[in-house]
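Report on one structure; see the data block that follows.
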Amino acid sequence: MHEISRREFIKRATACSGLAGFVLANAAELRANPLGLPIGSQVYPLRLMLKDFPAFVKMVAEIGVTRLELCSPIGYGADFAALADGKEVRKILADHGMKSESSHFTMSELRDSQEKSIEWAKQVGVAQMITPSLGGGNRQNNPTLDDVKRRADEYNKIAAVAAQAGMQQGLHNEGFELSMVDGKRTYDLLFDLLDPKLVKFQFQMSTITAGFVAAEYFVKYPGRFISMHLQDVDMNPSVPAPPPKDAPKGRRGGRRPQVAVGKGTIDWVKTFTAAKTGGVKNYFVEQSWELTQQSVAYLKTLEV
C-alpha cells in the first residue's frame, strides 16, 4: 500500500470541506508552540502603538500572537487610555481570535482603587493580576528585612481580596526584588513571606543579567510560578551594547544587549522544560516590535 505523510493525510481528509488550510495551520501551531501554550505578547514596550487598538491587535494577530498581556489604564496612565473600556477591549480581542487573561497593575492602584481595577479586569476577561514590583519598580539597594516583611504582608492582604473576587494575584521580579538583604536576595525571601495560595510569580527572563536564572527558580520553587516575560540577552558580547532607544526603563537587560528570543545566551529548551515544574501557565514576549516579530517566529519553531 502506498503510504502518505501526515500532512498529505490531513490535506486529503479535509479537502472536501475546504478546511485543509485551517487544519494544517493549527496543526503546525500545536506542534511548535512551547508546552502547547498560546504565544503571548506584553504590550508595555509597544505602548505607543496602542492608540489605534483595533489596528494594533490585528497587527500582532497576523504574526501569530493569540494572547496579549495588558497594562491597566487605571495605573499606567495616558499611554494605555485606549484600554479604558474593558468590554470594548474584550470585543476587539475576540474579533481577532485573541484573549487577555493577564494584565499588569501598579501597586499604587492596588492600594488605592483595587475594587475598580478588579472590575476592569473582569470586563476584559483578565484572571491574573500581576504587579511589576512591590517597590514600585525602583530598585532599593538597601532594604531592611522589616521593609521586605512589611511589603509582603501588604501584598498578601491585596492578594486575599483579589482571591475573593476570583482573581489570581502575581508578582513580577524587577527593581525591589533584585535587591539584597543581609546577603540574601529579596526575591528569595519573598518566596517564604508570600502566601503560596494567594500569590504566584511571573519570571522576567532579562534578569539573567543580575544572575537570576529562570530554570533554576522553576525547579527550586515548584508550582509557585504562573507566567514568564520572554527576552533573550547576549551575555558574552565583546563590548556590552547600549539598550535600544525604545526599550522601557528598568526592562533593558542590564548592561548586556537584549536580542530576539533564540539569539542570545538563554537555553530555551531547558527553560520551558523547567517551566512545567514551576507551574507556568502562559508566557509573553516583552520586547520592541522588531524583536517581538523575530521572537514569535522563533517560538513557532521551538518544540519542548
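The values are calculated or read from the model by the stated rules, or taken from the named source; none is laboratory data. The shown structure was predicted, so the numbers you read here are calculated from the model rather than taken from an experiment. So basically every Cβ, Gly included, is an ideal-geometry build from the backbone, and we count neighbours across all protein chains shown. SASA here: full protein model, heavy atoms, side chains in, ligands and nucleic acids out. Shrake-Rupley method; radii C 1.70, N 1.55, O 1.52, S 1.80 Å.
According to a simple spin-label model (label point 7 Å from Cα along Cα-to-Cβ), what is the distance in nm between residue 146 and residue 59?
If labels sit at residue 59 and residue 146, their model points lie 5.0 nm apart.
If I ignore ligands, DNA and RNA and count only protein heavy atoms, how much of residue 276 is accessible to a 1.4 Å probe, in Å² to the nearest 10?
Its heavy atoms expose roughly 120 Å² to the probe.
Tell me, what ³J(HN,Hα) does each residue in the stretch 289-304 have, in order and in whole Hz, if you take phi through Karplus 6.51 cos²θ - 1.76 cosθ + 1.60 with θ = phi - 60° and put x for Gly and Pro?
My calculation for the stretch 289-304 gives 4, 4, 6, 4, 4, 5, 5, 4, 4, 5, 4, 5, 9, 8, 10, 10 Hz in order.
Work out from phi, with θ = phi - 60° and the Karplus expression 6.51 cos²θ - 1.76 cosθ + 1.60, the ³J(HN,Hα) of each residue of the stretch 274-284, listed in order in whole Hz, and give x for Gly and Pro.
Here the 3J(HN,Hα) series is 5, 4, 4, 5, x, x, 4, 9, 7, 8, 9 Hz.
Using amide H atoms built in the peptide plane, which far-off residues or other-chain residues are under 5 Å from residue 180 H to H?
Sorted by chain and number, the residues that satisfy this are 186.
Quick check on the stretch 46-200: of the DSSP beta bridges with both residues there, what percent are antiparallel, nearest 5%?
Antiparallel bridges make up about 15 percent of those DSSP assigns within the stretch 46-200.
Which order do the peptides 259-269, 122-132 take when ranked by the mean count of other beta-carbon atoms within 10 Å per residue, highest first?
122-132, 259-269
Using 7 Å Cα-to-Cβ label points, what is the residue 161/residue 115 separation (nm, one decimal)?
Between residue 161 and residue 115, the label points sit 0.9 nm apart.
In what sequence, highest mean first, do 82-93, 100-111 appear when ranked by Cβ atoms within 10 angstrom?
Ranked by mean Cβ neighbours within 10 Å, highest first: 100-111, 82-93.
Please work out how much accessible surface residue 199 shows to a 1.4 Å probe, ignoring ligands, DNA and RNA, in Å² rounded to 10.
The value for residue 199 is about 0 Å².
For residue 230, which sequence-distant residues (separation of 5 or more, or a different chain) have an amide H within less than 5 Å of its own amide H, given hydrogens modelled in the peptide plane?
When sequence neighbours closer than 5 places are left aside, the close amide H contacts are 284, 285, 286.
Quick one: accessible surface of residue 185, probe radius 1.4 Å, all protein chains present, in square angstrom to the nearest 10.
Accessible area, nearest 10 Å²: 60 Å².
Let's see if you can work this out: charge +1 on each Lys and Arg Cβ, -1 on each Asp and Glu Cβ, no other charges. What is the dipole magnitude of the stretch 31-156 about its Cα centre, in debye to the nearest 20?
300
Given a cut-off of under 8 Å on Cα pairs at least six residues apart, what relative contact order in percent is computed for the stretch 59-162?
The value is 26 percent.
What is the calculated FRET efficiency for residue 52 to residue 301, with r their C-beta to C-beta distance and R₀ = 30 Å, to the nearest 0.05?
0.50
Taking the alpha-carbon distance from residue 51 and a cut-off under 20 Å, which aspartates and glutamates remain once sequence neighbours fewer than 8 residues away in the same chain are dropped?
Hits, sequence-local ones excluded: 62, 69, 79, 85, 88, 95, 246, 286, 290.
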